[in-house]
């Protein structure tokens, strides 16, 4: 992710802020996200105007925690969106905003001069010089490529008839661009490999059916809750897939499964089910019941959008048989569930009609090889054949 | 509750889930989910909301009877009268 647009300030200067308050809405390549505050204090100053697009890492506002005399130059800048809207590889700087120490971009004086003369945003460049510093060649290449990543075409508002639908249309356009940016990066940078396994769902479906008999209608489970739990268990066994690729494989301690939610207006949002492995199937279902409507209403919190460590996409009833996903960078895997449907299925020399699901795994070949991916699918299948253990 | 009222409630709830559609234009035997592009999650939400609104229980084995307007309305009328 390279930049975000400040859509709306939810708080005004002088307001008292508490931990967890939503201070602003920012439109990013991950969709519209709510920026949370992680400290108590008074909102001292808003540094970015509504509608302004700024690079990741830009200080958005100053918060006075009451511990120091406030003046604009000495205040410890609370970099509100920092944890939320920049991935590790992006280290950025803007000349107008304060940036925390250690985040300065390494660039040679000559390269900086050329960049400034050609209005190249150096925060978007990857340096190839010593210690990753940006050199003349990097800037020249960016100029010749026309700064592809920043040139997001502004979509024409062709649905102007529906005035009441204007915010939704704006969101949908931003969403389209966000999906486009993330998926282009994925396809450009990640060498995907694909595996597929057909899994017998009779036991899992019977388990869900039995479970639902005991539950009031509001608490009933969808099969996908069980699938999510099984994926979390399988990831626990094959931790190399619960990871990111950032200068090498970085395993993650928590299993936070991102769940693809499609929107009626087009586009997708991928909220994370935090600590999926420690949740029961019922708790996962509750989380989905909470997340999906909020995802569709663009009411997700930044933490829910930024912390997934693996992704699931599920087609659901009445859809395609198989789905081959694109990995959401910097993650290293995505599992796709097709529609659960009745199919001829052979086992122990007998042929029967059973509910089956075609499960695919797309994984990053820089991070893992087919053997790991295959082990993951085998583990997933084993859990789905023993749903009572989930 | 009359047949007309049940129908009205069903349309209202369907429209809440699929706001850009016009459920009253559904054909009696058309598959509701396909016609209005409703996914598994929203289908469950629809069943939850209709059961709350009409105060009827819809067990999972009866979900099949909710697939088109004709069978859904017949099913709900029977349930409401009970």
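The values are calculated or read from the model by the stated rules, or taken from the named source; none is laboratory data. Predicted, not measured: the structure shown is a model, and the values here were computed from it. Please note: Cβ atoms are built from the backbone with ideal geometry, for glycine as well, and neighbour counts cover all protein chains shown.
Would you check which residues across the range B:32-44 are within 21 Å of residue B:8 (Cβ to Cβ), facing another protein chain (nearest Cβ under 8 Å) and either surrounded by fewer than 18 Cβ atoms within 10 Å (Cβ to Cβ) or in contact with a strand residue (DSSP E or B) (Cβ under 7 Å, 6 or more places away or on another chain) (or both) and list them? So that I can check it myself, show each step before the final result.
Applying the first criterion (within 21 Å of residue B:8 (Cβ to Cβ)) to the range B:32-44 yields B:32-33, B:35-36, B:38, B:42-43.
Going one step further and asking which of them are facing another protein chain (nearest Cβ under 8 Å), we end up with B:33, B:43.
Selection gives nothing.
With (1) closer than 21 Å to residue A:262 by Cβ; (2) within 11 Å of another protein chain (Cβ to nearest Cβ) as the list, and residue B:13 as the residue in question, which single condition is left unmet?
Exception for residue B:13: condition (2).
Can you name every residue in the range A:191-209 that is farther than 24 Å from residue A:351 by Cβ and either under 28 Å from the mean Cα position of the chain (by Cα) or modelled with pLDDT under 95 (or both)?
If the condition is that a residue be farther than 24 Å from residue A:351 by Cβ and either under 28 Å from the mean Cα position of the chain (by Cα) or modelled with pLDDT under 95 (or both), then A:191, A:192, A:193, A:194, A:195 are the ones that fit.
Conditions: (1) surrounded by fewer than 18 Cβ atoms within 10 Å (Cβ to Cβ); (2) more than 22 Å from the chain's Cα centre (by Cα); (3) at pLDDT 75 or above. Residue A:61 meets all but one. Number of the miss?
(1)
Counting just the residues of the range A:322-331 that are away from chain B (no Cβ under 14 Å) and assigned to a loop (DSSP other than H, G, I, E, B), which one comes out surrounded by the most Cβ atoms within 10 Å (Cβ to Cβ)? Show your work before the answer.
So in the range A:322-331, the residues away from chain B (no Cβ under 14 Å) come out as A:322, A:324-331.
Those still in the list that are assigned to a loop (DSSP other than H, G, I, E, B) too: A:322, A:324-330.
Details: A:322: 16, A:324: 14, A:325: 20, A:326: 19, A:327: 25, A:328: 23, A:329: 21, A:330: 20.
Per the stated criteria, the residue is A:327.
Spot the failing condition for residue A:319; the list is (1) closer than 22 Å to residue B:40 by Cα; (2) buried (at least 17 other Cβ atoms within 10 Å of the Cβ), and only one is missed.
(2)
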